[in-house]
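Report on the following structure.
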Amino acid sequence: MLRLRTAADFADWYRIGAEYVDGVADEMGFDTADFVDYEAGVEAMQTGRPPTELDPAIRRSIAADLLADAVFSEPFCEWLPLWYEFSLLGPVRYCEYRLRRVAAPYCRDLAVSVPRFSRPQDALVDGRPAPTHCESFRERFVLADALLHLEWFVHVARESGIVVPQGLVDQTREESLAYYTGHRESLSPRVRAFQAALFADDVWVREIDAAYGLDSTLFGLWERFLRAERERLETAEP
């Protein structure tokens with residue numbers, strides 16, 4: 001992250017996020033009639049075109065994606081053991097700083113909200129924070145992602161013009177909390193399909209790692225966890 005400072009540096013970052021949103025929406029058959037032309041946004045970032053020259057819808061999508069990524073990691077880490085949270089706190093906050101700085105010009109004169117991602121205390125199961133029902137690091141990681149990638153997708157998709165049914169969102173959160181804490185045996189077919197599509201964030205992790213030459217052991221671990229869960233959901237019995 002130390003060398004990433006300009007909008008051009010983050011053009012691939014936005015592209016990979018927008019492609020993820022596009023893929024999930026397509027898989028689920030959501031209404032994408034008003035989906036922003038994100039490719040034009042990517043090109044504008046790559047060429048250094050001033051944000052003031054862009055369609056407000058494109059600026060909103062870019063800002064939403066970057067800001068959601070900026071504030072995603074710190075709450076995510078709270079779902080995991082303290083040693084993990086504390087070891088990543090410095091890099092996470094620096095990444096947030098960079099993403100917010102790049103996003104700021106795209107927010108100008110727009111009311112772009114910053115999402116608030118769930119913390120463990122926001123997700124109680126039998127009166128206890130959800131992660132306390134998990135036995136392993138992997139279980140906690142998958143549980144955290146099941147909730148937070150749902151929240152990330154809903155925010156960025158809606159800010160980019162995609163209609164995401166609220167009923168499905170609420171059902172997915174409720175079932176996922178119960179399922180990934182061992183309080184439900186299976187997910188309903190529609191929710192399972194939604195989570196399988198969302199767990200394609202293994203592709204996001206892999207492509208960010210490749211695009212920015214990170215060669216990160218940590219990213220490799222995340223990708224394996226996410227890919228394994230996506231493949232398991234894709235092949236689960238109806």
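The values are calculated or read from the model by the stated rules, or taken from the named source; none is laboratory data. In this text, all values refer to a predicted model and were calculated from it rather than measured experimentally. Glycine gets a Cβ as well: all are built from the backbone with ideal geometry, and neighbour counts include every protein chain shown. Accessible surface is based on the protein model in full, side chains and every heavy atom, while ligands, DNA and RNA are left aside. Shrake-Rupley method; radii C 1.70, N 1.55, O 1.52, S 1.80 Å.
Taking the criterion of being more than 30 Å from Thr6 (Cβ to Cβ), part of a helix (DSSP H, G or I) and of a type outside the set (Lys, Arg), would at least one residue in region 108-118 satisfy it? Steps first, please.
Of all residues in region 108-118, those more than 30 Å from Thr6 (Cβ to Cβ) come to 118.
Of the ones still in play, those that are also part of a helix (DSSP H, G or I) are none.
No, that holds for no residue.
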Picking from Asp65, Asp126, the residue that is more than 19 Å from Trp222 (Cα to Cα) and in contact with a Gly (Cβ under 6 Å, 6 or more places away or on another chain) would be Asp65
Which residue is modelled with the lowest pLDDT, if the candidates are limited to region 1-54 and must be of a type in the set (Val, Ile, Thr), outside any helix (DSSP H, G or I) and under 30 Å from Pro189 (Cα atoms)? Thr32
Please go through region 3-31 and give me each residue that is of a type in the set (Ser, Thr, Tyr) and either open to solvent by 60 Å² or more (accessible area, probe 1.4 Å) or out of contact with any helix residue (DSSP H, G or I) (no Cβ under 8 Å at 6 or more places or on another chain) (or both), ordered by number. Thr6
I'd like to verify a number: residues in region 151-176 that are part of a helix (DSSP H, G or I) and open to solvent by 40 Å² or more (accessible area, probe 1.4 Å), how many? 9
Going through region 78-105 one residue at a time, which ones are surrounded by 14 or more Cβ atoms within 10 Å (Cβ to Cβ), in contact with a Ser or Thr (Cβ under 9 Å, 6 or more places away or on another chain) and assigned to a helix (DSSP H, G or I)? Leu88, Val92, Cys95, Glu96, Val102, Pro105
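Say whether the condition of being small (Gly, Ala, Ser) and surrounded by fewer than 14 Cβ atoms within 10 Å (Cβ to Cβ) is met by at least one residue in region 48-70. Can you show your working first?
Filtering region 48-70 down to residues small (Gly, Ala, Ser) leaves 48, 57, 61, 63-64, 68, 70.
Checking which are surrounded by fewer than 14 Cβ atoms within 10 Å (Cβ to Cβ) leaves us with 48.
Yes, the conditions are met somewhere in region 48-70.
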Out of Leu218, Leu214, Leu148, I need the residue that is in contact (Cβ under 8 Å) with a residue 40 or more places away in the chain and either open to solvent by less than 60 Å² (accessible area, probe 1.4 Å) or not in a helix (DSSP H, G or I) (or both). Which one? Leu148
Within region 177-198, restricting attention to residues that are among the aromatic types (Phe, Trp, Tyr) and closer than 25 Å to Arg128 by Cα, which residue is surrounded by the most Cβ atoms within 10 Å (Cβ to Cβ)? Tyr180
Name the single residue that is surrounded by the most Cβ atoms within 10 Å (Cβ to Cβ) among those in region 199-211 being assigned to a helix (DSSP H, G or I), touching a residue at least 60 places away in the same chain (Cβ under 8 Å) and under 15 Å from the mean Cα position of the chain (by Cα). Asp201
